[in-house]
Every structure is written in C-alpha cells, then in structure tokens.
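The values are calculated or read from the model by the stated rules, or taken from the named source; none is laboratory data. Remember, it's a predicted structure, so these values are computed and weren't measured experimentally. Cβ placement follows ideal geometry from the backbone for every residue including glycine, while neighbour counts extend to all protein chains displayed.
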Amino acid sequence: MPAAGLLQLHMDPDHPVPSVADWLMLARLPAEAIEEVVRTFGSEACQALLAVELVHVGGEMKRARPGNGALAAIDADYALFAGGMAPTARAVSAVGSAVKAVHSAMRPWAARQMYLNLADTRRDPATF
C-alpha cells in the first residue's frame, strides 16, 4: 500500500465531522474485560456510538527512559476509544452518555495514568 493510502486505512472522513469521543487507558485486558466491552457496546445505552476501539499501547510506552520528560512511562497495556458523530445537541448528549457508559463499564481495568494526547475531556491533572 502506498503511504498516501494509509490515510484511508481507518476509513475516517477526510473532512471535519462533529463528534464526541474520549479515551481510557487500561492497565490490563483480561477475558472478562473484553466480554464487558462487547456487552456494553452492544447495549441499548450505547446505540449512539459509531465505534469502540482497543489499541495495544504496552511496550515502549511502558519503558521509562532518561529524557522521556515529566511522565517517563505510562503503566497501561491498552487504550480504549469510544465515540460517535454528534451533529446536533441531542446527539452530543446521547453520544456523550454512551462514551461515559463504556468508560464506566471498563473502570475496573483502568490504568491509574492517562496519556494526555488522548484525553478529549477534562481529567484530574494527577493522572497525567
């Protein structure tokens, strides 16, 4: 695939779209966590969501190295994304509630830290 084709790999629109989304860092992802995210995403409460995505972030992000900055490493194995399009005030509310539902369901596996570049909502600065 040519490098330019990578822009379409995730099938994101090539123009701005009003949306509500947020990420949650997960310390671990056991089988029961996967079952919970599937159950929650499939629930009526989450019908407004366009996507729920799990991204493996362990490895290099977990390795503290000299010169890495104020937060040298993030103790998380996965990042969880939940979001949807929100072109109206009603959609903003519905998608926002659904994102919160997914994050609440996954709280038992949440990491104590957050990667600032992925935070789309206000967070406790101590998590950064």
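Would you confirm whether or not region 21-29 contains a residue that is out of contact with any Phe, Trp or Tyr (no Cβ under 7 Å at 6 or more places or on another chain) and of a type in the set (Gly, Ala, Ser)? It would help to see each step written out before you state the result.
Pass one, region 21-29, residues out of contact with any Phe, Trp or Tyr (no Cβ under 7 Å at 6 or more places or on another chain): 22, 24.
Keeping just the survivors that are of a type in the set (Gly, Ala, Ser) gives none.
No.
Can you go through 102, 57 and tell me which one is at pLDDT below 95 and among the hydrophobic types (A, V, I, L, M, F, W, C)?
Numbers: 102 fails: at pLDDT below 95.
Answer to the check: 57.
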Unmet criterion (only one of (1) in contact (Cβ under 8 Å) with a residue 40 or more places away in the chain; (2) of a type in the set (S, T, N, Q); (3) outside any loop (DSSP other than H, G, I, E, B)) for residue 104: (1)
Within region 107-124, residues being of a type outside the set (D, E, K, R), assigned to a loop (DSSP other than H, G, I, E, B) and out of contact with any Asp or Glu (no Cβ under 9 Å at 6 or more places or on another chain) number 1
Taking region 33-68 and keeping only residues that are under 17 Å from the mean Cα position of the chain (by Cα), hydrophobic (A, V, I, L, M, F, W, C), surrounded by 14 or more Cβ atoms within 10 Å (Cβ to Cβ) and in a helix (DSSP H, G or I), one is left with 33, 37, 41, 46, 61
Need pairs with beta-carbon distance below 9 Å; first residue modelled with pLDDT of 80 or more and within region 2-20, second part of a loop (DSSP other than H, G, I, E, B) and among the small types (Gly, Ala, Ser); sequence gap 6+ or separate chains. 17/86; 18/86; 19/86; 20/48; 20/86
Which of the residues that make up region 1-28 are farther than 17 Å from residue 51 by Cβ and surrounded by 12 or more Cβ atoms within 10 Å (Cβ to Cβ)? 25, 27, 28
Residues satisfying the stated conditions in region 110-125, i.e. surrounded by fewer than 18 Cβ atoms within 10 Å (Cβ to Cβ) and either among the basic types (Lys, Arg) or touching a Lys or Arg at 6+ places or on another chain (Cβ under 9 Å) (or both): 112, 116, 122, 123
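Looking at 80, 71, which is the one that is at pLDDT 95 or above, surrounded by 13 or more Cβ atoms within 10 Å (Cβ to Cβ) and not in a helix (DSSP H, G or I)?
So the residue among 80, 71 that is at pLDDT 95 or above, surrounded by 13 or more Cβ atoms within 10 Å (Cβ to Cβ) and not in a helix (DSSP H, G or I) is 80.
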Inspect all residues belonging to region 95-109 and state whether any of them is surrounded by 14 or more Cβ atoms within 10 Å (Cβ to Cβ), more than 12 Å from residue 22 (Cα to Cα) and of a type in the set (Val, Ile, Thr). no
